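What follows is calculated from the coordinates using simple rules that are stated; it is not laboratory data. These numbers were taken from a predicted model, which means no experiment stands behind them. A quick note on method: Cβ atoms are made from the backbone with ideal geometry, for glycine too, and the neighbour counts reach across all protein chains shown.
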């Protein structure tokens, strides 16, 4: 069974920090590799490397956003992991700038606040004590619950992708069967067209033609238009795509992408050999379905 790179998980648990509960949220979208964005409470800054290592080992791949913050256990207030404003520094700079304004006769003070916020130490993470071992274990347990919810979400999305892929593979297989309806008639039409063109030659030219050599060349030309090998290879690719989804589990997104590329090569060859409008229409339909597969393969873990 395949897994999607799209996922979401959230978990929370009580800590011993001022009646606060720790909240862990995970979100992800597709990415070629692990792209981890971490936003954590100040108390956990010293654990960031350990947190990144844990997420990387458990979640493998995707553009992942991780948030770990504390909330009031009773009120469920806004997460308090934002960078606080240093009131003392802000007041000091404000008084200094107001004094300069009066001294220099500035008429406009609308930019004072934005200027103060860019001053040193105005927005600074307050020093906090290291998290206790017990609270760190609570964080790890909460992270584990969030990860399990996250992986369950990925599994559900992966199941939806699996059903979609099976539907698309069946559609291509059906179109491939329809190709056979035109295959034999196509060869006969090409042979008839070539012979009709020969009939238009004058008598002298026709008598000078080596009929045996002409027949050999015609057979060679028609053999080059044979699509049996392309049909066999495309059928095998469809089968291999399905087997890969069913048997290999996680980490197969890139492999499915390679198989889809091979399917595209065979479909393109069918189109170049078709020489018949009905077959070319079928090939276009195959390409349309394959593009839908390729778009969704990018989201497979």
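R0 = 51 Å: FRET efficiency of residue 111 with residue 29, Cβ-based, nearest 0.05?
0.85
Rank by packing, highest mean first: peptides 2-11, 45-54, 173-182, with packing defined as the count of other Cβ atoms within 10 Å averaged across residues.
2-11, 173-182, 45-54
So how much slack lies between residue 91 and residue 104, counting 0.36 nm per residue of separation and subtracting their Cα-Cα distance, in nm?
2.7 nm
Could you check the spin-label model distance between residue 19 and residue 159? Points 7 Å from the Cα along Cα→Cβ, value in nm.
Each label point lies 7 Å from its Cα, and together they span 4.1 nm.
Between residue 72 and residue 119, what FRET efficiency follows from the Cβ-Cβ distance if R0 is 25 Å, with the result rounded to 0.05?
The value I calculate is 0.25.
Please compute the modelled spin-label separation between residue 65 and residue 298, points set 7 Å along Cα→Cβ, answer in nm with one decimal.
1.9
Taking 7 Å along the Cα-to-C-beta vector as the label spot, tell me the residue 254-residue 54 distance in nanometres, rounded to one decimal.
If labels sit at residue 254 and residue 54, their model points lie 2.7 nm apart.
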